[in-house]
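Worksheet for the structure shown next.
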Amino acid sequence: MTIDIFEDLLKKPSIFKDESKLDINFVPDRLPHRNKELSLLSQLFLILLTNPNEISRKILITGKTGIGKTVTIKLFGELLRKASDRRNISIKYVHINCRKERTSYKALIKIIQSLNKNFPKRGYSPQDLLEIITESLNIQNLHLLIVLDELNYLINKDTDLIYSLTRINDDSFNQPQRLSLIGIVRDISCINNLDISTLSTLQRNIIRFSDYREDQIFDILKYRAEISFREKIISDELLTMIAEIVFNKGDVRYGLNLLWKAGKIAEGRNLRSISSECIRLANQDLVPFSTLDVLKDMTDQKLIFLLAIIILIKKSKNSVTTFSEFLDYYKVLCENAGLKPKSNSQLWNYLQEFKKEDIVSVRQQSKNIVGRKGFIEITNIPLQKFEKIIINILNSKGIRI
Ligand SMILES: Nc1ncnc2c1ncn2[C@@H]1O[C@H](COP(=O)(O)OP(=O)(O)OP(=O)(O)O)[C@@H](O)[C@H]1O
Ligand SMILES: [Mg+2]
């Protein structure tokens, strides 16, 4: 290497053509093996183009994690917007992630801000906000398609927003229908918490996304590799190997991240293409992306409780730990951090949420809460790494344990 390291680095051919196309939030132009779902959605929403504002569509999407629900709906929203633009019909699409927004109020503000960017965040009641939405839609002569992604997070807290949004046009008979709704949930059983009439509205149109087969995952990863890497960077054999790993994990995000990481490792080693060793190393180093996403949006107390679980599991090495031992340790951590601990029942709820989010699994329980014994297991992520990630997140929020 000459002394001009930047020139040398710039001369070195990169493995990537465009690494942002492996980003899990990137929406590609094509979605292999989701054409059926896209065309079903288009048929259902065609009426918004042929008979604008005559009908309000309400749809529920369901299917396991990491199988393209969000990305399919985002691409569909984009296609619908383009088709409406070409016909001079005003349709807007707003995508709300209920896990990130956390409350109905925040979700409503986000909806309004999609209509009016400068709308203030505070100072209104939810009822005001609903009226403002109806009014803005009328003034702008607009149809709004609202997507409530990860809707289960809202359903578990309060169902008023969903109730109001599904009813927004109900009392205006013969008036323009200006709002359509797509809800996305992983587990359909969560909608049973809704009131009967909302439930029946949503149950009328459910689209179930099926899991991908291994060969389908291969096609998806091959396409994403094609648009992200230069030519001949990764062989079909290696893509088959990754498809198998991803199939077992069930989340395409893991495959995208694995490809990216393997590419970076290959570059770091000055290789011209990705080798199986790069994939093996990348696989050792990865935390499932869905988990990282969940951690980033988790409240401080919940993170500390999770940290307590991880540290105790690490210490106990396979021996059974009672729920009360986790509680005690959590309280110690809270004290260190100068925070007031949450109640036992709240912590029990956290544990149930961890199970749902697939962070921990609990194998066995006995009856009363505090004495409850259970094998709490964490199999997805190496504990050491998990602990470090949580401590980093807490530190970044100014909390020292
Ligand atoms: N058919 C496909 N073609 C290309 N990329 C895909 C396809 N299906 C999924 N992906 C990619 O896989 C990742 C996971 O998909 P997505 O985020 O849509 O999952 P999801 O079903 O919404 O999962 P979750 O329930 O965890 O939110 C995304 O980065 C997405 O771009
Ligand atoms: Mg999603």
Within the range 55-83, the count of residues that are farther than 30 Å from Arg213 by Cα and either in contact (Cβ under 8 Å) with a residue 40 or more places away in the chain or within 14 Å of ligand 2 (Cβ to nearest atom) (or both) comes to 3
For the range 204-239, the count of residues that are outside any helix (DSSP H, G or I), crowded, with 16+ Cβ neighbours inside 10 Å, out of contact with any strand residue (DSSP E or B) (no Cβ under 9 Å at 6 or more places or on another chain) and touching a residue at least 60 places away in the same chain (Cβ under 8 Å) equals 1
Over the range 336-356, the set of residues charged (D, E, K, R) and under 11 Å from Ile304 (Cα atoms) is Lys342
Flagged pairs (Cβ under 6 angstrom, 6 or more apart or on separate chains; first in the range 175-190, within 16 Å of ligand 1 (Cβ to nearest atom); second part of a helix (DSSP H, G or I) and among the basic types (Lys, Arg)) are Ile184/Lys69
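Residue by residue, here is whether (1) under 23 Å from the mean Cα position of the chain (by Cα); (2) surrounded by fewer than 16 Cβ atoms within 10 Å (Cβ to Cβ) holds:
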| residue | (1), (2) |
| --- | --- |
| Gln43 | no, yes |
| Gly66 | yes, no |
| Leu75 | yes, no |
| Leu80 | yes, no |
| Ile91 | no, no |
Residue count, the range 226-239, condition more than 16 Å from ligand 1 (Cβ to nearest atom) and either of a type in the set (S, T, N, Q) or touching an Asp or Glu at 6+ places or on another chain (Cβ under 6 Å) (or both), comes to 1
Flagged pairs (Cβ under 9 angstrom, 6 or more apart or on separate chains; first in the range 97-115, open to solvent by 20 Å² or more (accessible area, probe 1.4 Å) and of a type in the set (Phe, Trp, Tyr); second more than 16 Å from ligand 2 (Cβ to nearest atom) and assigned to a helix (DSSP H, G or I)) are Tyr105/Pro126; Tyr105/Leu129; Tyr105/Leu161
Would you say Arg122 is open to solvent by less than 60 Å² (accessible area, probe 1.4 Å), free of Cβ contacts under 8 Å to residues at least 40 places away in the same chain, out of contact with any Pro (no Cβ under 9 Å at 6 or more places or on another chain) and of a type in the set (Lys, Arg)? no
Restricted to the range 240-283 and to residues being within 16 Å of ligand 1 (Cβ to nearest atom) and charged (D, E, K, R), the residue most open to solvent (accessible area, probe 1.4 Å) is Lys249
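One line per residue, one yes/no per condition, for (1) under 22 Å from the mean Cα position of the chain (by Cα); (2) under 21 Å from Phe16 (Cβ atoms); (3) not hydrophobic (A, V, I, L, M, F, W, C):
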residue: Asn192; (1), (2), (3): yes, no, yes
residue: Leu202; (1), (2), (3): yes, no, no
residue: Arg208; (1), (2), (3): yes, no, yes
residue: Tyr223; (1), (2), (3): yes, yes, yes
residue: Glu226; (1), (2), (3): no, yes, yes
residue: Lys232; (1), (2), (3): no, yes, yes
residue: Ile242; (1), (2), (3): yes, yes, no
Considering residues that are among the hydroxyl-bearing types (Ser, Thr, Tyr), over 30 Å from Tyr254 (Cβ atoms) and outside any loop (DSSP other than H, G, I, E, B), the number found within the range 1-23 is 0
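Within the range 322-336, count every residue that is within 23 Å of Asn392 (Cβ to Cβ) and more than 29 Å from the chain's Cα centre (by Cα).
If we filter the range 322-336 for residues that are within 23 Å of Asn392 (Cβ to Cβ), which is where we start, we get 326, 329-336.
Cutting the leftovers down to more than 29 Å from the chain's Cα centre (by Cα) gives us 329, 331-332, 335-336.
Residues flagged as within 23 Å of Asn392 (Cβ to Cβ) and more than 29 Å from the chain's Cα centre (by Cα) within the range 322-336 amount to 5.
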Picked from the range 184-203 (must be within 16 Å of ligand 2 (Cβ to nearest atom) and hydrophobic (A, V, I, L, M, F, W, C)), the residue most open to solvent (accessible area, probe 1.4 Å) is Ile188
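Could you look through the range 168-183, keep only residues that are of a type in the set (Gly, Ala, Ser) and at pLDDT 75 or above, and pick out the one that is surrounded by the fewest Cβ atoms within 10 Å (Cβ to Cβ)?
Per the stated criteria, the residue is Ser180.
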Reported set for the range 367-401 where residues are hydroxyl-bearing (Ser, Thr, Tyr) and modelled with pLDDT under 85 is Thr379
Selection from the range 38-75 of residues polar (S, T, N, Q) and away from ligand 1 (no atom under 13 Å from the Cβ) yields Ser39, Ser42, Gln43, Thr50, Asn51, Asn53, Ser56
Of the listed residues (Tyr212, Tyr223), the one being within 16 Å of ligand 2 (Cβ to nearest atom) and at negative phi is Tyr212
Taking the range 18-30 and the residues there that are surrounded by 14 or more Cβ atoms within 10 Å (Cβ to Cβ) and in contact (Cβ under 8 Å) with a residue 60 or more places away in the chain, the one that is farthest from ligand 1 (Cβ to nearest atom) would be Glu19
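The values are calculated or read from the model by the stated rules, or taken from the named source; none is laboratory data. This is a predicted model, so every value here is computed, not measured. All Cβ positions, glycine included, derive from the backbone under ideal geometry; neighbour counts span all protein chains shown. Calculation scope for accessible area: heavy atoms of the full protein, side chains included, ligands and nucleic acids excluded. Shrake-Rupley method; radii C 1.70, N 1.55, O 1.52, S 1.80 Å.
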